[in-house]
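S.K.: Have a look at the structure that comes next, please.
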Amino acid sequence: MIRTKRQEAIDMTTIQGPAAPKDPTRKRPFFYIMQEKEIFGAKQTDGRGIQFIYENDNRLINSAQIAGNVTDEEILELLKTTEGFRKLVHSIGVTVDIVTPVSQIQKVRFAFQMYGKTDPYVSGTTLYLDTWGDGAERILKLDDAVWSEDDKEPGQIRFEFPQSGLQARVSVRFYLQDGYTAPPVMEDEAVDTDSPAYSQMIERSLMQTGNMSRLAAAIHRAKQGEDVTLAYIGGSITQGAGAIPIDHQSYAYRSYQSFAEHFGTGRNVHFVKAGVGGTPSELGMLRFDRDVLRDGTVKPDIVVVEFAVNDEGDETKGVCYESLVRKILTLPWHPAVVLLFAVFAYDWNLQDRLAIVGETYELPMVSIKNAVTPQFRLTREEGRVLSKNQFFYDIYHPSNMGHRIMADCLMNLWNKAAAYAGTDHTDELLDSRIAIRNQWGKGSDFEQVKLLDRKQIPQGVSISCGAYDSIDTDLQRVEMDDRLEPVAQFPNNWYKESTENDTFVMKITCRALFLINKDSAAIDVGKADVYVDGKYKLTADPHKNGWTHCNPLLVFSEEQAEEHTVEIRMAAGDVEKKFTILGFGYV
């Protein structure tokens, strides 16, 4: 047998074969929940690298459907709870193949955590398997586990590396208990990105070219050697979730890179990435000045807006989205706006709602749903280009191939716009549509919204923070631009850490107000009631989404600006608990 360099690198003092190998054990029926999935060990504070893969909220069911071809309703139902999981799964096969060059095979810890009923992240069982990054499968037997009575559901999988920056391909399959059968294993063929079918798929993404005058002008300037900045704002897909590694394999970075290679003259094309996972355009419009314009230091020439799979959380059902789009379009240097519509694994997005805004202002629109979902239903012989398992990393996020396809769809638009470079760049129709508010589209009530936090308190606003006098550092963190190091979101906050119950009071003159609070799964965090001028408005519940992230809430919206007194106090029964005010948005 020919030994590879990888095999020769194995430290034989730590990995040894048995003196008398046993006969092979007959394998049980199985299905994959991950098959050749690419992962990356993101740096932790202790120097290790960890890839987190969340399987709660029915994600595990979707993993079984996409990677394992599972359609049996009984099996899918059992995956919802730890009890059902234990009834179904006999053992777990784990394969880790480290692809980053290393001097010797690395030890890897596989962890499968059950979320608890009492405290999701603490009170459940965690299954561990110490394995190696050599591409060989090793088995975790569930009979060996000590289970907690507080287990609720399969929660998350972690691959823990001894050092950060390691990239690997992993497969995880569930071997089934007696009495259960598994579907045939799907074998995906390599995606032929040079095929006519691939090109046709990419072409389908172009939902509307619209008025490309601003986009063409930016390309023309780039070709002339002028500085041009591409900016991207959206949710976790724009952040790069599913891309391995997240800094240079995201659709945003790859489409920027293609733009720079085709139209730039060296280092004149610049990149801004501002995606925040789990957040809608309602938060996007509040943080746009900070995260994209960088408080006036950046003037993007092209802004890609991607909220089609996040805006179910927008309370205004499109008004915030249009307000964000108008906020960008009305900037004095006239940047181009591109609307990008991503898609979830169950073929869903909100492009029908949001496309109205694109039609109103004749904006270029790119639909990933239009591109990939029609061919998912085909066989290879009928023209399928790739499977869902190849496109999706999980139920919500694209894989590296998915991110590449998204970038290629944008590049298709760039190329279309380049054909207009050098022509008369006029956008009179766009200007006329911008001039008339609320006649078309969804509305522009919050176009002039501004962010208010502990660092940016405008003149005329007075705040008495009461018991909310600390600063929370346990915040949602995201990778910005082309960096791997995550950045804390809304670090200039007001945090009630003590058991005291002094009310947070703010006096402000405005016609609309948004509260941004921190969601959390922690059991010592409680709900807070919001009052305006003594009248109850809403209750902010940090457990509504159940994980650490930023949640915007519309407190009020009125026709005219008036002075208001805003009070935030802990809800009945939660007086001694913690709460974080990340900031406010006001008009």
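S.K.: Hey, among 83, 160, 137, 77, which residue is touching a Gly at 6+ places or on another chain (Cβ under 6 Å) and charged (D, E, K, R)?
M.R.: From the options 83, 160, 137, 77, the qualifying one is 137.
Here is a yes/no grid of residues against (1) surrounded by 21 or more Cβ atoms within 10 Å (Cβ to Cβ); (2) charged (D, E, K, R):
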{"position": "490", "(1), (2)": "yes, no"}
{"position": "505", "(1), (2)": "no, no"}
{"position": "510", "(1), (2)": "yes, no"}
{"position": "514", "(1), (2)": "yes, no"}
{"position": "518", "(1), (2)": "yes, yes"}
{"position": "523", "(1), (2)": "no, no"}
{"position": "535", "(1), (2)": "no, yes"}
{"position": "552", "(1), (2)": "yes, no"}
{"position": "558", "(1), (2)": "no, yes"}
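S.K.: Inspect region 50-60 for any residue being open to solvent by 80 Å² or more (accessible area, probe 1.4 Å) and acidic (Asp, Glu) and give the result as yes or no.
M.R.: The answer is yes, given that some residue of region 50-60 is open to solvent by 80 Å² or more (accessible area, probe 1.4 Å) and acidic (Asp, Glu).
S.K.: Please work out which one of (1) aliphatic (A, V, I, L, M); (2) modelled with pLDDT of 95 or more; (3) under 26 Å from the mean Cα position of the chain (by Cα) is the condition residue 538 fails and give its number.
M.R.: Only one criterion is unmet by residue 538, namely (3).
S.K.: Further question: Considering only region 205-316, give the helices (runs of 4 or more DSSP H) lying wholly within it that have at least 2 residues that are of a type in the set (Lys, Arg) and open to solvent by 30 Å² or more (accessible area, probe 1.4 Å).
M.R.: Because the criterion is at least 2 residues that are of a type in the set (Lys, Arg) and open to solvent by 30 Å² or more (accessible area, probe 1.4 Å), the helices (runs of 4 or more DSSP H) in region 205-316 that meet it are 213-223.
S.K.: Moving on. Would you be able to tell me the number of residues in region 114-137 that are free of Cβ contacts under 8 Å to residues at least 24 places away in the same chain and touching a strand residue (DSSP E or B) at 6+ places or on another chain (Cβ under 6 Å)?
M.R.: Total meeting the criteria: 3.
S.K.: Continuing with this model, one more query. Which ranges mark the strands (runs of 3 or more DSSP E) fully within region 10-113 that have 1 or more residues being over 30 Å from the mean Cα position of the chain (by Cα), modelled with pLDDT of 95 or more and not charged (D, E, K, R)?
M.R.: 89-98
S.K.: Further question on the same structure: I'd like to verify a number: residues in region 66-86 that are more than 15 Å from residue 181 (Cβ to Cβ), in contact with a helix residue (DSSP H, G or I) (Cβ under 9 Å, 6 or more places away or on another chain) and open to solvent by 80 Å² or more (accessible area, probe 1.4 Å), how many?
M.R.: So the answer is 3.
S.K.: Could you tell me which of the residues 453, 481, 469, 474 is closer than 30 Å to residue 526 by Cα, open to solvent by less than 20 Å² (accessible area, probe 1.4 Å), at pLDDT 95 or above and of a type in the set (Asp, Glu)?
M.R.: When all the criteria are applied, what remains is 453.
S.K.: Return yes or no: is residue 370 open to solvent by 10 Å² or more (accessible area, probe 1.4 Å) and closer than 15 Å to residue 402 by Cβ?
M.R.: So residue 370 fits the description; yes.
S.K.: Same structure, new question: Failed condition for residue 319, given (1) over 18 Å from the mean Cα position of the chain (by Cα); (2) more than 21 Å from residue 287 (Cα to Cα), with all others met?
M.R.: (2)
S.K.: Run down 144, 151, 188 and say which single residue is crowded, with 18+ Cβ neighbours inside 10 Å and either touching a strand residue (DSSP E or B) at 6+ places or on another chain (Cβ under 6 Å) or modelled with pLDDT under 95 (or both).
M.R.: The match here is 151.
S.K.: I'm trying to understand the selection: among the residues of region 192-204, which are open to solvent by 30 Å² or more (accessible area, probe 1.4 Å) and either farther than 11 Å from residue 409 by Cβ or touching a strand residue (DSSP E or B) at 6+ places or on another chain (Cβ under 6 Å) (or both)?
M.R.: 192, 193, 194, 196, 197, 199, 200
S.K.: Taking the conditions exactly as written (touching a Pro at 6+ places or on another chain (Cβ under 9 Å), touching a residue at least 40 places away in the same chain (Cβ under 8 Å) and either open to solvent by less than 80 Å² (accessible area, probe 1.4 Å) or hydrophobic (A, V, I, L, M, F, W, C) (or both)), does residue 100 satisfy them or not?
M.R.: No; evaluated as a whole, the condition is false for this residue.
S.K.: Residue by residue through region 193-204, note down the ones that are part of a helix (DSSP H, G or I) and touching a residue at least 12 places away in the same chain (Cβ under 8 Å).
M.R.: 197, 198, 201, 202, 203, 204
S.K.: Kindly provide the set of residues from region 317-342 that are open to solvent by less than 10 Å² (accessible area, probe 1.4 Å) and of a type in the set (A, V, I, L, M, F, W, C), ordered by number.
M.R.: The answer is 320, 324, 325, 328, 329, 336, 337, 338, 339, 340, 341, 342.
S.K.: Checking the conditions here, which among 384, 404, 380 is more than 21 Å from residue 60 (Cα to Cα), part of a helix (DSSP H, G or I) and open to solvent by 30 Å² or more (accessible area, probe 1.4 Å)?
M.R.: Among 384, 404, 380, only 404 is more than 21 Å from residue 60 (Cα to Cα), part of a helix (DSSP H, G or I) and open to solvent by 30 Å² or more (accessible area, probe 1.4 Å).
S.K.: Here's a follow-up. Residue 84: touching a Leu at 6+ places or on another chain (Cβ under 8 Å) and closer than 28 Å to residue 168 by Cα, yes or no?
M.R.: no
The values are calculated or read from the model by the stated rules, or taken from the named source; none is laboratory data. Values in this document were obtained by computation on a predicted structure and should not be read as measured data. Cβ atoms come from the backbone with ideal geometry, glycine included; neighbour counts cover every protein chain shown. Keep in mind that these areas ignore ligands, DNA and RNA; they rest on the heavy atoms of the full protein, side chains included. Shrake-Rupley method; radii C 1.70, N 1.55, O 1.52, S 1.80 Å.
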